[in-house]
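**Q** Dumping the structure here so I can ask a few things about it.
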Amino acid sequence: MERVLLASGSDKGITLLSQLLRESGYSQITNTKSGNDARRCLNQTEYELIVINTPLSDEFGHEFSIKAAECSNAGIILICKSEISEDVSDKLSCYGVCVVPKPVNKVVFHQSVRLVSATRSRMLGLQNENFKLQTKIEEIRLVNRAKCCLIQYLKFSEPQAHRYIEKQAMDTRQTRKEVAQRILSTYET
């Protein structure tokens, strides 16, 4: 179940937005009235969605939205007066914060929630792919360092070193990375 952090300076905002979030399928909603309380909640729990109804009791709310964007993977919606929504949106768009003008239109709010959720899913997919690629790059670097050791100390050619690592991996039922680490621990001490 996806967790939502709802920061709103007014009880009326908390009631209305909690109802709209429940209609969107969210049931684990944490309510807070201040930016400081919201920051504390964010430090303790991972949220999938953060909704900020401005102004908060101790700040406007855009500062908290920037902090949340920088330190979490949550989708973030900031709700502010329509007169300033364009300016706020211009300032926060580079952080990936979706700005919704007041008064809150039910349809627009639900569309914003779906859009932020879809964007978050895509971002997490890209982060996962990036992690896999970084892991693969690290493995390639490790294997290349092991090949260099074999070339330097055992006078193998590059194809011989490559074949040796591949064969050791198959024969010992280990990954190329494990074989490379074993070679490096032998020759790089």
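**Q** Please verify whether L126 is assigned by TED's automatic domain parsing to the domain that holds R182 and part of a helix (DSSP H, G or I), treating the condition exactly as stated.
**A** On the way: assigned by TED's automatic domain parsing to the domain that holds R182: no; part of a helix (DSSP H, G or I): yes.
Considered against the rule, which asks whether it is assigned by TED's automatic domain parsing to the domain that holds R182 and part of a helix (DSSP H, G or I), L126 comes out as no.
**Q** From the set of residues in segment 80-118 that are over 17 Å from the mean Cα position of the chain (by Cα) and of a type in the set (S, T, N, Q), which is surrounded by the most Cβ atoms within 10 Å (Cβ to Cβ)?
**A** S112
**Q** Then there's this: Tell me, which residue of segment 53-68 that is touching a Leu at 6+ places or on another chain (Cβ under 8 Å) and of a type outside the set (F, W, Y) is surrounded by the most Cβ atoms within 10 Å (Cβ to Cβ)? Show your work before the answer.
**A** In the first step, residues of segment 53-68 are kept if they are touching a Leu at 6+ places or on another chain (Cβ under 8 Å); the result is 53-54, 61-62, 64-68.
Still in the running and of a type outside the set (F, W, Y): 53-54, 61-62, 65-68.
On the way: N53: 24, T54: 23, G61: 23, H62: 22, S65: 27, I66: 17, K67: 15, A68: 25.
Filtering segment 53-68 for residues that are touching a Leu at 6+ places or on another chain (Cβ under 8 Å) and of a type outside the set (F, W, Y), the one surrounded by the most Cβ atoms within 10 Å (Cβ to Cβ) comes out as S65.
**Q** Quick check on my filter: what residues within segment 2-15 are crowded, with 17+ Cβ neighbours inside 10 Å and either farther than 18 Å from R114 by Cα or without any contact (Cβ under 8 Å) to a residue 40 or more places away in the chain (or both)?
**A** Hits for segment 2-15 are A7, S8, G9, G13, I14.
**Q** In addition: Filter segment 131-184 down to the residues that are of a type in the set (S, T, N, Q) and buried (at least 16 other Cβ atoms within 10 Å of the Cβ) and list them by number.
**A** Q168, Q181
**Q** Separate question: Of all residues in segment 154-164, which are out of contact with any Lys or Arg (no Cβ under 6 Å at 6 or more places or on another chain) and either within 15 Å of T186 (Cβ to Cβ) or not assigned by TED's automatic domain parsing to the domain that holds I140 (or both)?
**A** Residues satisfying the conditions are L154, F156, Y164.
**Q** Moving on to the next point. Output the number of the condition that A68 fails; it satisfies all remaining conditions of (1) assigned to a loop (DSSP other than H, G, I, E, B); (2) touching a strand residue (DSSP E or B) at 6+ places or on another chain (Cβ under 7 Å).
**A** Looking at each condition in turn, A68 falls short on (1).
**Q** Looking at S117, S112, S121, S93, which one is small (G, A, S), without any contact (Cβ under 8 Å) to a residue 12 or more places away in the chain and not assigned by TED's automatic domain parsing to the domain that holds K12?
**A** Going through S117, S112, S121, S93 in turn, the sole match is S121.
**Q** On to the next question. Name, by its number, the condition in (1) part of a helix (DSSP H, G or I); (2) over 36 Å from the mean Cα position of the chain (by Cα); (3) not hydroxyl-bearing (S, T, Y) that does not hold for R182.
**A** Result: R182 passes all but (2).
**Q** I'm told K167 meets every condition in (1) assigned to a helix (DSSP H, G or I); (2) at pLDDT below 95 except one. Can you identify the failing condition by its number?
**A** Of (1) assigned to a helix (DSSP H, G or I); (2) at pLDDT below 95, only one is false for K167: (2).
The values are calculated or read from the model by the stated rules, or taken from the named source; none is laboratory data. These numbers were taken from a predicted model, which means no experiment stands behind them. Note: ideal-geometry Cβ built from the backbone for every residue, glycine included; neighbour counts use all protein chains shown.
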